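Notes follow the structure.
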Amino acid sequence: MSEFQGSHCYRLQAIETPWSRGGRNADAEPMDLGPLLPGVDAVIILTMQSPTGRERVRRLMKLYGKIISTLCPKAYFQINRGYKRCPKANVHSPPDDLVHATLEAFRNMQHFENILLLEDDAIFEMKGLNLRVALREVGNFILHRQKTGMPFNTYNLGAIAHALIPCGRNLNHRRIFGFMGAAQGVIWSREARTSVLQSIHIHSYVPGEMPANDDRHFVPELDTHAFTYKKPLVTQIFVPTNNSNHWRLLGPHSKEHPWKLYINSVLKQMVRWIISMIRLDRYTKPGWDIMYGYGAGITVFTCTSIMLVVFGLSSLFLFMRNRKPAIKK
């Protein structure tokens, strides 16, 4: 596959893991006989070559360094010089740049079967659940699906979705239907990454013109074989940033139509109001639990509505069939 423009704007920096130096983590729990995410070959942390990027990486590794170094056999920082310092074709905003960085990781990591992409502002949820056990369960779920030939495209460690359907042998996992928001921690299969890269050519997009929210627009093309855990494992807070100022909630070409620009502006204000109401601009709790509850609630509401409609139609059919014709006198 041809290399897209802008690859010179990135560099990879390896992160030492117990397996990269041929041993095990001395601090690992007795149950940890391997990486916390079995079947996931590498974790790539997307960050910027800037004071903000360096501060985010410092914080991330200070808080979660031991977890990150034991997630996968390989770990890397992908450091982006940024579209202003290193111009890229058709990249004109921070969301464009984030998508370009995602595509760069896909292209560079095609020799790996499954990879985890982490954004540098990711937050690992350490309270209320055994994170190590949950992560290992996620990895085993992915391994099981792939070994048994069941489809798998993505596993989001912290998703905002329209509907979440319980699945897996112990029902601890959720299948995502519809829009999948938030991409601070997503596991991508090679098949999914290849599909996304090929869609650039299929839809006549050039790099940087891909949809501005990679999680929101890539996943519907992947036949909905997208999953998440029953609780958010990796989250983020949505503070106002230059990136969020350029959100295009109506898709990649909303800037081309004045009426779409207006609607997009209204939608952004609504989203920011919701974020503020559930305090997701300051804390991960209870906002993320509310969003997961929303996905589950939509599922229950939809299933209940379908059942009521089916029951109503069945009752009407039986009534009409058993209705005795009027006897004429």
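Computed from the coordinates by the stated procedures, all read-outs in this text should not be read as laboratory data. This is a predicted model, so every value here is computed, not measured. Reconstructed Cβ throughout: ideal geometry from the backbone, glycine too, with neighbour counts over all protein chains shown.
A few comments on the model shown:
- Net +/- balance of residues flanking I165 in space, Cβ distance below 13 Å, scoring K and R +1, D and E -1: +3
- Whole-Hz Karplus values for the stretch 87-94 come out as x, 10, 4, 6, 9, 10, 8, x Hz, taken residue by residue from phi with 6.51 cos²θ - 1.76 cosθ + 1.60 and θ = phi - 60°; glycine and proline positions read x.
- Pairwise label distance in nanometres, I67 with A89, each label 7 Å out on the Cα-Cβ vector: 3.9
- Ascending count of other beta-carbon atoms within 10 Å, so fewest first, for S189, S93: S93, S189
- The residues packed around I115, meaning those with a beta-carbon under 13 Å from its beta-carbon, carry a net charge of 0 if Lys and Arg are +1 and Asp and Glu are -1.
- Projected label distance in nm at D281 and Q198, using a 7 Å step from Cα toward the beta-carbon: 4.3
- When peptides 99-111, 141-153 are sorted by average Cβ neighbour count within 10 Å, with the highest value leading, the order is 99-111, 141-153.
- FRET efficiency for the E16 to Q269 pair, using the beta carbon distance and R₀ = 45 Å, is estimated at 0.50.
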